[in-house]
Amino acid sequence: MLLIKQKSIFLFSLLFLTLPQLLLAQGGMWEPAQLKRQETAMKKLGLEIPVEAIYSDSGNSSLNNAVVIFGSGCTGEMISPRGLLLTNNHCGYGTVQALSTPTANYLQQGFWAKSQKDEIPCPGLTVTFVRQIVDVTDQVLSGVNDNMDETTREQKITQNIRNVEKGYSRISGWKAEVKSFYSGNAYRVILKEIFRDVRLVAFPPDGIGQFGGDTDNWMWPQQKGDFAMFRVYANADNKPAEYQPDNVPYKPERYFPINISGYQEGDYVMIYGFPYVTEEYITSFQLNQIQDIAYPIRIDARRAKLAVWESAMRTNPDIALKYAAKYSSVSNGYKKWQGALRGLELNNVQAIKQAYEAKFQEAATLDRENKEASMLLPMMEAVVTGYNNKLRATEYIRETLWGVEALDQAKVLQKVLDIYRSDVDDVRKTDSLKRLQKDLVKFYKNYDAALDQKVFEALLPIYLNQTQEIVPYNLKTQLEKYAGNYNYWAAAVYSNSMIPDARQMTLLLSHSNASDTNRIKSDPMYVIYRMVKDWEGEHITPYKKDYDLRIRRLDREFMKLQLRYNVDHKMFFPDANQTLRLTYGTIQGLQPEGSDRYFYQTTLDEAIPRHDAGINEFNIPQRLRELHATRNFGQWSVNGTVPVNFISVNHTSGGNSGSPAINAKGELIGLNFDRVWDGTMSDHYFDPKRCRNVMVDIRYVLFLTEKFGEAGWLLDEMQIIK
């Protein structure tokens, strides 16, 4: 059961009630409580069920009860009365990598449980149900006024949030988390029930689940089987419990019926999930920071890093296994940011923002209630542009220095020093060191020092070639000790530091004492880490704290005035913040650049010719090629093949990976996994002409489960509609 109770009346609530229906059909990430106001637009596009069936605030069981947070950053959906969960292959990739070994490599071989007893426990993996959402704006802003300085205001809000979370958690028995909406103009408390016994059920191998890999990522067309199945377990009372062999499959309040009759272009489709972060309402000055500073720096650094990793992974299977999940994560952002830049430039979003700001400024000038409104945008421009150089330094440090794994792990040595400098007793010191040691075991399982040394050699020049406003002078003197030769410098650091050596670090943490502090301070990796941290503390951190305080206040006021003026006559949805949202649109094709073909669906016939045994991401398993060659498709055959992926105009973002794709009747027809390249700009600007989300057809999921994985027993527990 999920409820959203709204007590406070905000100016934007009044705005929603009085606006004419000039809504963004096929755009927007709508809170469940906003859906009733969207019903007319949704039904015009094709919705056949009442919005109460999608979300209900009266306690009725609706589709929202079948949508979950998978792990910490993806979405999943319940697809059976026995706790069976569907999400993306890439969402479960890190978990499955941790379960894999060189002899049981589930990434390359795949995994299909032959019965429930074969399902594999996944330590640390969680599935979270959102049980209730309550508007708590009045409570969070109690005792807060605009005359407070920003630090005092935030301290008061933080204390209020703690009290709200504590109270709701005590009353409900669920985890309570307060989230900010509309840049701090509204607050909701999210009540969550977290299940910790989650087991792997089905996972296609790389040649299916990761088919096309980096080449196809953020692209159209694709032919990817990007799905995985897990099962949620509970105790005998159907409540969350830590893993126990005698736990039983969870009985969800609601699960999705699965429709296998297909779809056509123009059909209505919804995506329900937990989009992570968007910035739809930022100024042109802030967008400039993204386009000209942050994204270009990240792209340059990751290009160098990925080139080093890729070279080693292609020739060394052990490194390929260790770095598979890390490579996928780093590469994902690298390619996405390139597409976002391209989309922003092709759409000239800067000019669109500036035109909007001109209309906003005209309204602000006429605002007699707020005489300072006309100064807001000039103030924001001054604050944002004044911070640009500090932002450059921050981005370079994070992407280059902390992009080197050993340098980033120097923070562990800092924690050891902090432990010995603290006043805690020996027992607590020992416990703290054991926790650090436990984390390091996970780190070294997927770490190769020789490869990391090459990354050091590739990334440090990118950083040290920047100006003195970005690079500490004493770090450059370190390089000069080795005649400016990065290879010599790297060799000296890696051969003399404890961090690249798992054995030395284990000994330090298991037998350390206060006398080890001098050894830590002289460690060459730690020396670099400390130089940069000290420089940051003097030249970046104070300015960042001041900037963050000032820009949060300005963003809050800008958002409030955007809602009040509404110069574009639209309905505002809050930026994504990993809370439950629904986006709706229609299935629409796209003509890829350089192609004369316009289409909205791909098939297995298009995937098979791309097979390449020499490239892991294109190495289609022999079993699937045999099924195709013999046309052994069973009930999943459509026009002599099997549909694989399709696209629609839905406003999605990171966090929507694994989200259910739902038809006009509330039935599952696929699951979301990607966006098209130019369309990744939708984190900042949504254009229905260019933005498309990419989904796996549910028929491909079921075909692979039954025919390829020979796990047809799983279909028996689903509600399949033909």
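The values are calculated or read from the model by the stated rules, or taken from the named source; none is laboratory data. This is a predicted model, so every value here is computed, not measured. We place every Cβ from the backbone using ideal geometry, glycine too, and count neighbours over all the protein chains shown. Heads up: the accessible areas ignore ligands, DNA and RNA and are worked out on the full protein's heavy atoms, side chains in. Shrake-Rupley method; radii C 1.70, N 1.55, O 1.52, S 1.80 Å.
Observations on the model:
Quick grid of which residues meet (1) at pLDDT 95 or above; (2) among the polar types (S, T, N, Q); (3) over 26 Å from TYR565 (Cβ atoms); (4) surrounded by 20 or more Cβ atoms within 10 Å (Cβ to Cβ):
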residue	(1), (2), (3), (4)
ALA355	yes, no, no, no
ALA358	yes, no, no, no
ALA363	yes, no, no, no
VAL383	yes, no, no, no
THR400	yes, yes, yes, yes
TYR420	no, no, yes, no
ASP423	no, no, yes, no
LYS429	no, no, yes, no
ARG435	no, no, yes, no
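- Residue pairs whose Cβ atoms lie under 8 Å apart, separated by 6 or more positions or on different chains, with the first residue in the stretch 535-547 and over 18 Å from LEU464 (Cα atoms) and the second open to solvent by less than 70 Å² (accessible area, probe 1.4 Å) and basic (Lys, Arg), are TYR543/LYS390; LYS544/LYS390; TYR547/LYS390.
- Residue selected from the stretch 569-615 under the condition among the charged types (D, E, K, R), closer than 23 Å to GLY670 by Cβ and touching a residue at least 24 places away in the same chain (Cβ under 8 Å), by the criterion least open to solvent (accessible area, probe 1.4 Å): ARG581
- Checking ALA458, ALA483, ALA514, ALA490 one by one, the residue that is buried (at least 19 other Cβ atoms within 10 Å of the Cβ) and more than 32 Å from the chain's Cα centre (by Cα) is ALA490 and no other.
- When residues of the stretch 191-205 are limited to those that are open to solvent by 10 Å² or more (accessible area, probe 1.4 Å) and within 21 Å of the chain's Cα centre (by Cα), the one nearest to PRO32 (Cα to Cα): LYS192
- Taken over the stretch 168-183, the criterion of being part of a helix (DSSP H, G or I), on the phi > 0 side of the Ramachandran plot and open to solvent by 50 Å² or more (accessible area, probe 1.4 Å) is satisfied by SER183 alone.
- Note on the stretch 599-630: residues that are part of a loop (DSSP other than H, G, I, E, B) and under 20 Å from PHE211 (Cα atoms) total 9.
- Filtered by the rule that a residue be among the polar types (S, T, N, Q), part of a helix (DSSP H, G or I), over 11 Å from GLN437 (Cα atoms) and open to solvent by less than 70 Å² (accessible area, probe 1.4 Å), the stretch 493-511 gives a lone residue, GLN504.
- Flag for LEU141 being free of Cβ contacts under 8 Å to residues at least 60 places away in the same chain and either open to solvent by less than 60 Å² (accessible area, probe 1.4 Å) or in contact with a Lys or Arg (Cβ under 7 Å, 6 or more places away or on another chain) (or both): yes
- Failed condition for ASP548, given (1) surrounded by fewer than 20 Cβ atoms within 10 Å (Cβ to Cβ); (2) of a type in the set (D, E, K, R); (3) modelled with pLDDT of 95 or more; (4) more than 18 Å from GLN286 (Cβ to Cβ): (4)
- From the list GLU150, GLU154, the one residue that fits, being open to solvent by 40 Å² or more (accessible area, probe 1.4 Å) and either touching an Asp or Glu at 6+ places or on another chain (Cβ under 7 Å) or in contact (Cβ under 8 Å) with a residue 24 or more places away in the chain (or both), is GLU154.
- Residue within the stretch 227-239 that is open to solvent by 10 Å² or more (accessible area, probe 1.4 Å), among the acidic types (Asp, Glu) and in a loop (DSSP other than H, G, I, E, B) present: yes
- The strands (runs of 3 or more DSSP E) found wholly in the stretch 41-137 and carrying at least 2 residues that are buried (at least 23 other Cβ atoms within 10 Å of the Cβ) and among the aliphatic types (A, V, I, L, M) occupy 67-70, 84-87, 127-135.
- Filtered by the rule that a residue be buried (at least 16 other Cβ atoms within 10 Å of the Cβ) and among the hydrophobic types (A, V, I, L, M, F, W, C), the stretch 365-381 gives ALA373, LEU376, LEU377, MET380.
- Flag if GLY634 is of a type in the set (Gly, Ala, Ser), at pLDDT 95 or above and within 20 Å of TRP112 (Cα to Cα): yes
- Pairs are defined by a Cβ separation below 6 Å, a sequence spacing of at least 6 or placement on different chains, a first member in the stretch 327-348 that is within 20 Å of ALA312 (Cβ to Cβ) and part of a helix (DSSP H, G or I), and a second member that is open to solvent by less than 30 Å² (accessible area, probe 1.4 Å) and hydrophobic (A, V, I, L, M, F, W, C); the pairs so defined are TYR327/TRP309; SER331/LEU306; LYS335/TRP218.
- Where a residue in the stretch 478-500 is free of Cβ contacts under 8 Å to residues at least 24 places away in the same chain and its partner, wherever it lies, is open to solvent by 80 Å² or more (accessible area, probe 1.4 Å), with Cβ under 6 Å and at least six apart: TYR482/TYR488
- The set of residues in the stretch 655-670 that are under 12 Å from VAL694 (Cα atoms), assigned to a loop (DSSP other than H, G, I, E, B), among the small types (Gly, Ala, Ser) and open to solvent by less than 10 Å² (accessible area, probe 1.4 Å) comprises GLY658, SER659.
- Residues (open to solvent by 30 Å² or more (accessible area, probe 1.4 Å) and of a type in the set (Asp, Glu)) located in the stretch 437-455: ASP439, ASP448
- For the stretch 679-700, the candidate set comprises residues that are closer than 22 Å to PHE573 by Cβ and among the acidic types (Asp, Glu); within that set, the residue that is nearest to the chain's Cα centre (by Cα) is ASP683.
- Residue in the stretch 270-293 that is open to solvent by 20 Å² or more (accessible area, probe 1.4 Å), β-branched (Val, Ile, Thr) and modelled with pLDDT under 95 present: no
- Residues in the stretch 49-74 that are over 20 Å from GLY670 (Cβ atoms) and hydrophobic (A, V, I, L, M, F, W, C): VAL51 only.
- Restricting attention to the stretch 266-300, the residues that are assigned to a loop (DSSP other than H, G, I, E, B), of a type in the set (D, E, K, R) and over 20 Å from the mean Cα position of the chain (by Cα) total 1.
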